[in-house]
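Undergrad: First, the structure itself, so that you have it in front of you.
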Amino acid sequence: MNNTPNIIGAKEGRPYSLTYKEQLLKIGTLNVKGFNALGKQLISFSIFRMEHHLDIIGLTETKTKKNENKILSKTKNTKKIDKKNKKNIYKNTNINIDNNKDIFFELNDKTSEHNIEKKDDDSILERDFNNFYSTWWSGKNEHYQEAGVGLAIKKELAKRVYRTEFIDGRAILADLQLKQNVKIRIIVLYMPADPKQINERISITNQIESWIKNGLKDNKSIIVMGDFNADPDKLDKIINSNSNKKLEDKYKIILSLRSLGMFDSQIGINQGYNQT
């Protein structure tokens, strides 16, 4: 969701231009359902970069621990892998993103072989995506299997990042300053899925509201992406049904974003958006 109608796909020189090097700024988000396997990391980023040419990527449900935050941002891997296991690290990787609206791809042997350069020796595999993207990660030490977020920004664009904030395992904020005094606030968000985590959801929602309000005061363009674990279409059906049924707590994050002037950019792109 974002608060600027032409925030994605703006051309050089337009008021809300988010371009650099005369290119469109491409942004995507994906629930990776676990991002601990090195093979999955390498193949995913290879496809993000080489097939979809993404500049900014938000990842959710990484299932990573807090002490892995800095490790994931390093190129060097700490484990040495022999030739047999090095081959299997690609063959056994399975990426399912059918439920994602922003990025679609199928992974097969041809894709992995074509996009990823693999060494023939027994050297340590590297997270080479960190040569192309600057990455930030946020995991949790407790209940990490139900959390984890990541943000990746192309190196050249990442030079524009001047501030980051985190909610452990749930959200990452990054502020960028571009040309023509264009300021962007990127928020990657993964809301708890468990209905029992009401207090955590309230706390996260309050913090996200604060980030957005402060960003708007500073004339920033706001982009919130990720997995909210709440279906806005189902919410609209409930609202339009004029039912007296109490809304589930999980929908509060969507209502909050809408009340702050945020709109679904996927709808805006596909159906057009008229600012009023």
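Undergrad: Can you tell me which condition L107 does not meet? The list is (1) more than 15 Å from the chain's Cα centre (by Cα); (2) outside any helix (DSSP H, G or I); (3) crowded, with 18+ Cβ neighbours inside 10 Å; (4) modelled with pLDDT of 50 or more, and all the others hold.
TA: Just one mismatch for L107, condition (4).
Undergrad: Can you tell me which residue among S210, S123, S203 is hydroxyl-bearing (S, T, Y), modelled with pLDDT under 85 and either surrounded by fewer than 17 Cβ atoms within 10 Å (Cβ to Cβ) or under 19 Å from K250 (Cβ atoms) (or both)?
TA: S123
Undergrad: Which residue is nearest to L24 (Cα to Cα), if the candidates are limited to the stretch 160-186 and must be touching an Asp or Glu at 6+ places or on another chain (Cβ under 9 Å) and of a type in the set (A, V, I, L, M)?
TA: Residue satisfying both the conditions and the ranking: I184.
Undergrad: Same structure, new question: Report, ordered by the first and then the second residue, all pairs with beta carbons closer than 7 Å, sequence separation of six or more or different chains, a first member in the stretch 31-56 that is among the basic types (K, R), and a second member that is not in a helix (DSSP H, G or I).
TA: Filtered contacts from the stretch 31-56: K33/E61; K40/T93; K40/I95; R49/F132.
Undergrad: While we're here: Name the one entry in A152, A158 that is of a type outside the set (K, R), more than 30 Å from Q197 (Cβ to Cβ) and at pLDDT 95 or above.
TA: Checking each option against the conditions leaves just A158.
Undergrad: Still on this structure, please answer the following. Counting just the residues of the stretch 202-235 that are in a strand (DSSP E or B) and not hydrophobic (A, V, I, L, M, F, W, C), which one comes out nearest to V161 (Cα to Cα)?
TA: Among them, the one singled out is S221.
Undergrad: Can I ask one more? Kindly indicate which of E156, E165 is over 17 Å from K63 (Cβ atoms) and part of a strand (DSSP E or B).
TA: Among E156, E165, only E165 is over 17 Å from K63 (Cβ atoms) and part of a strand (DSSP E or B).
Undergrad: Which one is nearest to V149 (Cα to Cα) among residues in the stretch 59-73 that are touching a strand residue (DSSP E or B) at 6+ places or on another chain (Cβ under 6 Å) and at pLDDT below 95?
TA: The residue in question is N69.
Undergrad: Let me ask something additional. Got a number for residues in the stretch 168-186 being closer than 13 Å to Q207 by Cβ and over 14 Å from the mean Cα position of the chain (by Cα)?
TA: Qualifying residue count, the stretch 168-186: 1.
Undergrad: Take the residues in the stretch 135-144 that are closer than 18 Å to V32 by Cβ and not β-branched (V, I, T); name whichever of them is surrounded by the fewest Cβ atoms within 10 Å (Cβ to Cβ).
TA: H143
The values are calculated or read from the model by the stated rules, or taken from the named source; none is laboratory data. Worth saying up front: this structure is predicted, and the values here are computed from it rather than measured. Note that each Cβ is placed from the backbone with ideal geometry, even for glycine, and that neighbours are counted across all protein chains shown.
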